[in-house]
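To start, the structure under review is shown below, and the notes come after it.
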Amino acid sequence: MKIAIAIRLFSPEIGGVEGVARALASGLARRGHDVHVFTSEPNECALAGVTLHRVKGWQFSSIAKTLSFPYFAKQAISRQSFDIVHAFSRMTGADIYRLADPPQAAHLQRNYQGMRRIFAKISLRNQVILRLEAKAYRDYASTLVTNSYRTRRDLERFCAVDGARVSVIRNGVDTERFHPGLRERHRTALLNELDIPPEARVLLFMGNDFRRKGLAQTVQVLEDLQQRRPDWPLHLIVVGLERSPQFRKDVENRGLSPSVHFMGRCKNAERFYGAADVFILPTREDPFANTILESLASGVPVITTRTNGAGELIESRLQGTVVPAADDCAAMAKSAWELLQQVDHSEIRQACRELALCYTWESTVLHYEALYAEHRNKPTPVPPENRKDIAYLDPKLAAPFADSPDIFTAIMNLTGDSKRSVDSRQTIRLEIGGEAYFLKRHQGVGWGEILKNLGSLKRPTLSARTEWQGIQTLESLGISTLSPVAFGERGRNPAKIHSFLMTRELAGMVKLSVIHEKFETLSEAQTQLIRRELILAVARLAKRFHTAGCAHADFYLCHFMVKDRDWSRFQPGDTLDLHLI
């Protein structure tokens, strides 16, 4: 096949999506395809068997670069005939659009709160990105590709993209460059270079954005481990571009300078994996951190977060742990403790290596080849007309409403058991296909309610969007909450917006406001134990919630739920996963 790949930056000095594009182009060329790469920087980017094309664009600002590259790249590509056009940049008209970052709408929702989010959304740069992405998502002739199911869910929830249009193809890893033999080759030399004793346990952190990747949390984990075992020589190696001195100052203030080694940005990552016992990356947001696969291929177990798409690969405790949120330092310290205490590390290295071998670049190239063939042979899909004003619809609910001419109206007209009705808002419980759901309907608050709230300096709740966004925020913080299955909003007049939010019923849960009823048959000692653990669980959840800058107008016990159980069997240390609703 004759394949065009469009990507603005293609330098071998850059990792991330640029590294993915280079590996894919090289792999396709080795398999006999005629590969052409359209980029704004072809100099010193040569790959064997790959033809490079310089795309000129406007360079006077980041917005100009973002806007001009798709425009001029499309013009350059149109001068030739290609079997497949594969875009890694926000561009319409491509056969395949592989997302380089999380959808901008999801990024803004997760990382900005209050007025900061409002100003971020109206900034010119973000407006340009949001519009470019919206045009790309509306192009039904394109097949969308992500490298994690997390990003696919983001497309469904934040961008009203049908999940059936999205293919998930994992990044690959160079298993010849990264392998367990690196330990024997590099560990002793690097430890000697850093004056680290040979018997030391070594944590490795690697990433250029220290704040987002979670260096502060990693340092906290190191401190927790040192307090737990002060007799252990524990060290942390930090690899990445140091943009601010604040992290060094934090390390100095904690008295950890002898144990933390800042290496700066380094090209030869292999020797650091060879020296490490555990790789830790408590990232706040990552579609798929390639360092996770590199670490696993090197035989080093990983600790990362649920907000890292690469965490979806972890299959067993021997390969590492995925914690709910970046601020859950206690869980990360516990996992690191368990891994570092292992006597036989050969079993760990083998488990990590076997997992990484499932994700070689060769297999990734084969997946893309199959996708290209599938795309060429499938008819162009027709956008569904009945999904107007539907921002999100769970695939499981799509079938029951497939024949409805207007899904929004069909959901708004559903009937069930009324649970709450206040003015223009109603909550009902209903069942669809044997599953129970709660449907919250908003049917226009009216100008009187809006003016009353504004007069009290309160932000009026205009639609179900407020709760919809709240759920996304809680999920990004790793806090268990309601599971949405549908969200829609219709109308532009703030006083007359009609909207709905449908969530799955939380079965088998009990509210903390009535949990005391479960303790009537328990002993006083057992009751006190459970109450203490519940208080600690609420405190930890509240700390995570408020540390992120969030505020809850109704922080009452009735909004906390915990899975019911046989409370007479509750033991110290048992997990209590609270849901905040």
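So here's what we get for this one:
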item: Candidates ASN171, ASN147, ASN192 - the one that is within 30 Å of CYS352 (Cα to Cα) and more than 25 Å from the chain's Cα centre (by Cα); result: ASN192
item: Scan of the stretch 525-539 for residues that are touching a residue at least 40 places away in the same chain (Cβ under 8 Å) and either within 27 Å of the chain's Cα centre (by Cα) or over 18 Å from ALA331 (Cα atoms) (or both), ordered by number; result: GLN526, LEU529, ILE530, ALA537, VAL538
item: Flag for ARG490 being surrounded by 11 or more Cβ atoms within 10 Å (Cβ to Cβ) and closer than 25 Å to ALA330 by Cα; result: no
item: Criterion violated by THR283 - all others in (1) under 17 Å from GLU223 (Cβ atoms); (2) at pLDDT below 95 satisfied; result: (1)
item: Residue among ILE432, ILE428, ILE450 that is touching a strand residue (DSSP E or B) at 6+ places or on another chain (Cβ under 7 Å) and surrounded by 13 or more Cβ atoms within 10 Å (Cβ to Cβ); result: ILE428
item: Unique residue being touching a Ser or Thr at 6+ places or on another chain (Cβ under 9 Å) and not in a helix (DSSP H, G or I) when the list is ARG183, ARG170; result: ARG170
item: Residue ranges of helices (runs of 4 or more DSSP H) in the stretch 357-469 with at least 3 members closer than 23 Å to LEU144 by Cβ, without any contact (Cβ under 8 Å) to a residue 24 or more places away in the chain and not assigned by TED's automatic domain parsing to the domain that holds THR481; result: 361-377
item: Filter result for the condition that a residue is part of a loop (DSSP other than H, G, I, E, B), surrounded by 22 or more Cβ atoms within 10 Å (Cβ to Cβ), touching a strand residue (DSSP E or B) at 6+ places or on another chain (Cβ under 9 Å) and at pLDDT 90 or above, over ALA73, ALA94; result: ALA94
item: Residue in the stretch 20-35 that is of a type in the set (Val, Ile, Thr), over 19 Å from LEU132 (Cα atoms) and outside any strand (DSSP E or B) present; result: yes
item: Condition broken by CYS329, with the remaining ones in (1) surrounded by fewer than 22 Cβ atoms within 10 Å (Cβ to Cβ); (2) within 30 Å of VAL20 (Cβ to Cβ); (3) within 25 Å of the chain's Cα centre (by Cα); (4) in contact (Cβ under 8 Å) with a residue 24 or more places away in the chain satisfied; result: (2)
item: Members of the stretch 297-321 that are under 22 Å from HIS179 (Cα atoms) and touching a Gly at 6+ places or on another chain (Cβ under 8 Å); result: SER298, PRO301, VAL302, ILE303, THR304, ILE314
item: Members of the stretch 517-541 that are of a type outside the set (Lys, Arg), touching a strand residue (DSSP E or B) at 6+ places or on another chain (Cβ under 9 Å) and surrounded by 11 or more Cβ atoms within 10 Å (Cβ to Cβ); result: LEU534, ALA537, VAL538, LEU541
item: Members of the stretch 117-142 found to be in contact (Cβ under 8 Å) with a residue 24 or more places away in the chain and of a type outside the set (A, V, I, L, M, F, W, C), listed by number; result: ARG125, GLU133, LYS135, TYR137, ARG138, ASP139, TYR140, SER142
item: Counted residues, the stretch 1-18 - those being more than 21 Å from PHE82 (Cα to Cα) and either of a type in the set (D, E, K, R) or surrounded by fewer than 18 Cβ atoms within 10 Å (Cβ to Cβ) (or both); result: 7
item: Count - residues of the stretch 221-256 that are within 22 Å of the chain's Cα centre (by Cα) and either in a helix (DSSP H, G or I) or in the same structural domain as GLU13 (by TED's automatic domain parsing) (or both); result: 1
item: Positions within the stretch 307-342 being over 20 Å from ASP231 (Cβ atoms) and part of a loop (DSSP other than H, G, I, E, B), in sequence order; result: THR307, ILE314, GLU315, SER316, ARG317, LEU318, GLN319, PRO324, ALA325, ALA326, ASP327, ASP328
item: Any hit, the stretch 410-419, residues being farther than 30 Å from ALA537 by Cα, β-branched (Val, Ile, Thr), within 32 Å of the chain's Cα centre (by Cα) and at pLDDT 90 or above; result: yes
item: Residues that are buried (at least 19 other Cβ atoms within 10 Å of the Cβ) and aliphatic (A, V, I, L, M), drawn from the stretch 214-248; result: LEU215, VAL219, VAL221, LEU222, LEU225, LEU234, LEU236, ILE237, VAL238, VAL239
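A quick yes/no check of all residues on (1) aliphatic (A, V, I, L, M); (2) at pLDDT below 95; (3) outside any loop (DSSP other than H, G, I, E, B):
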| site | (1), (2), (3) |
| --- | --- |
| ARG152 | no, yes, yes |
| GLU156 | no, yes, yes |
| HIS179 | no, no, no |
| PRO198 | no, yes, no |
| LEU204 | yes, no, yes |
| ASN208 | no, yes, no |
| ARG211 | no, yes, yes |
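Table: residues versus (1) over 30 Å from GLU369 (Cβ atoms); (2) without any contact (Cβ under 8 Å) to a residue 40 or more places away in the chain; (3) within 16 Å of the chain's Cα centre (by Cα); (4) assigned to a loop (DSSP other than H, G, I, E, B).
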| residue | (1), (2), (3), (4) |
| --- | --- |
| VAL85 | no, no, no, no |
| ARG90 | no, no, no, yes |
| ALA106 | no, no, yes, no |
| MET115 | yes, yes, no, no |
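The values are calculated or read from the model by the stated rules, or taken from the named source; none is laboratory data. Note that the structure is predicted; figures quoted are calculated from it, not measured. So basically every Cβ, Gly included, is an ideal-geometry build from the backbone, and we count neighbours across all protein chains shown.
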